[in-house]
Number of protein chains: 2
Amino acid sequence: MRTRDADGTRKRILAAATEDFAEHGIAGARVDRIAARAEVAKAQIYAYYGDKLALFRAVFNQNAAVLVEATPFTPDDLPGYAVGLYNGTMDRPDLIRLLTWARLEGVPPNLDDDAWQEKLDQVAAAQTAGVVTPDISPANILAMLAGVALSWSAVAPMVLPPSADDEHRAALRLVIERSFHA
Amino acid sequence: MRTRDADGTRKRILAAATEDFAEHGIAGARVDRIAARAEVAKAQIYAYYGDKLALFRAVFNQNAAVLVEATPFTPDDLPGYAVGLYNGTMDRPDLIRLLTWARLEGVPPNLDDDAWQEKLDQVAAAQTAGVVTPDISPANILAMLAGVALSWSAVAPMVLPPSADDEHRAALRLVIERSFHA
DNA sequence: AGAACGCAACCGACCAGTTGGTAACTTGTC
DNA sequence: GACAAGTTACCAACTGGTCGGTTGCGTTCT
């Protein structure tokens, strides 16, 4: 038997679950496979996390914030922020998948509205300060910015030849600059 | 028993499958449920389509083209094309879900490269004609354009308050115009 | 007749979740 | 320190139900 290490076991389960959920989604993930990956008896998973959906929520809550909060929001430098988001998607493609699965499978987003509202306010402030174009609403600016930044991870795998990251970043900068600078 | 109508049966199966796959994905879809929805015995599904994955591919192939080809590509009017794509996503959100699920679950995209290549060429032509900005590659232009057009369907459901469609379209026009016009 | 269509019932594999019990650590008592 | 009692981490084996896929037979049309 493995030596007793409750905390380590929890973490191994969560790590294995993150992989499996990112790869297969909720419906496609297999608890037995997660147990095998974590080198843990299946019963432990139920002891620690309740059931499959609760396990997914634990995985999701731990990781969802990571991507968004990993790149500091800079309303005065939207191109820089967009590139930061893009870098995040490249570093951790599994997080994007996790987010996408959650959306498709209808798991309540659970993103704190406060952080979002704060960003909206900051954009609005940048608009009145004359740094950001005033002719698009803050919500639409952020939505589109995120859309472009994520576009490679969403569209590229289907059709795009793998081209240089630097080129993507440059194009991204250009587009955000042109679109949203006052 | 239902009156004999092979072709109608095929179509009812395909329609029911489209709904169920769009809602639940491949792993989450249930053949029994599809059969019930189509008011068809399960065995009919296997007789007509082989197995679950083949059924998904049939659904996918029938619908994937629809969204892309429904809006004519107009290299000289990229904003108009973007709005067309956006309208498509609003009219048939299920198609977006289908596409997304196919991507996540690793079903070979099967988009014909010819159509894609043709669009790339048309953009390149528009660039040399001086209608489209020359400082971003055609592939990146198309990827980002699609990204912005799809951004509401991907990002909005998580955070955005349901705002007016017209506002989205106007913002979209503005962004594409500023980003890609020569 | 016979080919095409339709279906209820069935099957075997799989899978989320449970049980009953064992091994390792902790605490209390002398 | 030594030993027992209590607690926590762990797990192999099982269970009940679900799901993809099949079979054998009835029905309808030509």
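The values are calculated or read from the model by the stated rules, or taken from the named source; none is laboratory data. What you see is a predicted model, and the numbers here were worked out from it, not measured in a lab. Note that each Cβ is placed from the backbone with ideal geometry, even for glycine, and that neighbours are counted across all protein chains shown. Surface areas here come from the heavy atoms of the whole protein model, side chains and all, with no ligands, DNA or RNA. Shrake-Rupley method; radii C 1.70, N 1.55, O 1.52, S 1.80 Å.
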**Complete:** When the charge dipole of the protein assembly as shown is computed with +1 at the Cβ of Lys and Arg and -1 at the Cβ of Asp and Glu, the Cα pointing farthest to the positive end, of B:48, B:130, A:67, is that of B:48
**Prompt:** Across peptide A:94-104, what mean number of C-beta atoms from other chains lies inside 10 Å of a residue's C-beta?
**Reply:** 3
**Prompt:** If each of residue B:87 and residue A:116 carries a label point 7 Å out from its Cα toward its Cβ, how far apart are those two points in nm?
**Reply:** 2.8 nm
**Prompt:** Which residue fluctuates the most in chain A, going by a Gaussian network model with Cα springs under 10 Å, if the choices are A:63, A:87, A:140?
**Reply:** A:140
**Prompt:** Taking amide H positions as placed 1.01 Å from N in the peptide plane, with prolines and chain starts having none, which residues 5 or more places from residue A:132, or on another chain, fall under 5 Å of its amide H?
**Reply:** A:127, A:182
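How large is the dipole of the protein assembly as shown about the Cα centre if only Lys and Arg carry +1 and Asp and Glu carry -1, each at its Cβ, rounded to the nearest 20 debye?
Details: 36 positive and 48 negative charges, 337 e Å.
For the protein assembly as shown, the charge dipole is close to 1620 debye.
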**Message:** How big is the dipole moment of chain A about its Cα centre under a simple scheme where the beta carbon of each Lys and Arg is +1, that of each Asp and Glu is -1, and everything else is neutral? Debye, nearest 20, please.
**Reply:** 840 debye
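Using a 1.4 Å probe on the protein chains only, how many percent of the accessible area of region A:71-182 belongs to carbon and sulfur? Working shown, then result.
Details: 2700 of 4760 Å².
Ligands and nucleic acids excluded, carbon and sulfur give 57 percent.
Determine, from the Cβ-Cβ distance of residue B:76 and residue A:169 and an R0 of 25 Å, the FRET efficiency 1/(1 + (r/R0)^6), rounded to the nearest 0.05. Present the calculation step by step, with values, prior to reporting the outcome.
Working: r = 28 Å, r/R0 = 1.12.
E between residue B:76 and residue A:169, to the nearest 0.05, is 0.35.
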**Fill in**
At the level of C-alpha centres, the distance separating region B:80-134 and region B:10-51, in angstrom, is 28 Å
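Charges only on Cβ, +1 for Lys and Arg, -1 for Asp and Glu: so what's the dipole of region A:1-59 about the Cα centre, in debye to the nearest 20? Show your work: numbers first, answer last.
Working: 11 positive and 8 negative charges, 26 e Å.
Roughly 120 debye, rounded to the nearest 20.
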**Message:** Connecting C-alpha atoms closer than 10 Å in a GNM of chain A, tell me which of A:76, A:20, A:91 has the biggest fluctuation.
**Reply:** A:91
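Please report the buried accessible area for the interface of B with A, total over both chains, probe 1.4 Å, in Å² to the nearest 100.
Details: alone 10470 and 10480 Å², together 17180 Å².
Protein heavy atoms only, the B-A interface buries about 3800 Å².
Please report the carbon-and-sulfur percent of the accessible area for region A:1-59; probe 1.4 Å, protein heavy atoms only, DNA, RNA and ligands left out.
Numbers: 1720 of 3270 Å².
So the carbon and sulfur contribution to the accessible surface is 52 percent.
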**Complete:** For chain B, whose charge dipole is built from +1 on Lys and Arg Cβ atoms and -1 on Asp and Glu Cβ atoms, the candidate among B:86, B:26, B:152 with its Cα farthest towards the positive end is B:26
**Asked** If you build a Gaussian network model of chain A, linking Cα atoms that sit under 10 Å apart, which residue out of A:82, A:47, A:170 swings the most?
**Response** A:47
**Between 0 and 90°, nearest 10: helix B:93-104 axis offset from chain B longest Cα axis** = 90 degrees
**Prompt:** Straight-line reach from residue A:42: which lysines have Cα under 28 Å away, leaving out those fewer than 8 places along the same chain?
**Reply:** A:11, A:52
**Fill in**
By the C-alpha gyration tensor axes a ≥ b ≥ c (rounded if a/c is under 1.5, else prolate when a/b exceeds b/c, else oblate), the shape of the protein assembly as shown is oblate
**Fill in**
For chain B, the longest principal axis of the Cα atoms and the Cα long axis of helix B:6-28 enclose an angle in degrees, to the nearest 10, of 70 degrees
**Prompt:** To the nearest 500 deg cm²/dmol, what mean residue ellipticity at 222 nm is calculated for the protein assembly as shown from DSSP H runs of n ≥ 4 alone, each contributing -39,500 (n - 2.57), summed and divided by the residues?
**Reply:** -25000 deg cm²/dmol
**Request:** Mind running the shape call on region A:71-182? Use the C-alpha gyration tensor, a ≥ b ≥ c as the square roots of the eigenvalues: rounded below 1.5 for a/c, prolate if a/b tops b/c, oblate otherwise.
**Result:** oblate
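Please average, across the residues of A:134-140, the number of beta carbons from any other chain that are within 10 Å of each residue's own beta carbon, and give a whole number. Spell out each step's value before the answer.
Numbers: counts 0, 3, 6, 5, 0, 8, 12.
Averaged over the peptide's residues, the number is 5.
Keeping all protein chains in place, calculate the accessible area per residue for region A:38-115 (probe 1.4 angstrom), answer in Å².
47 Å²
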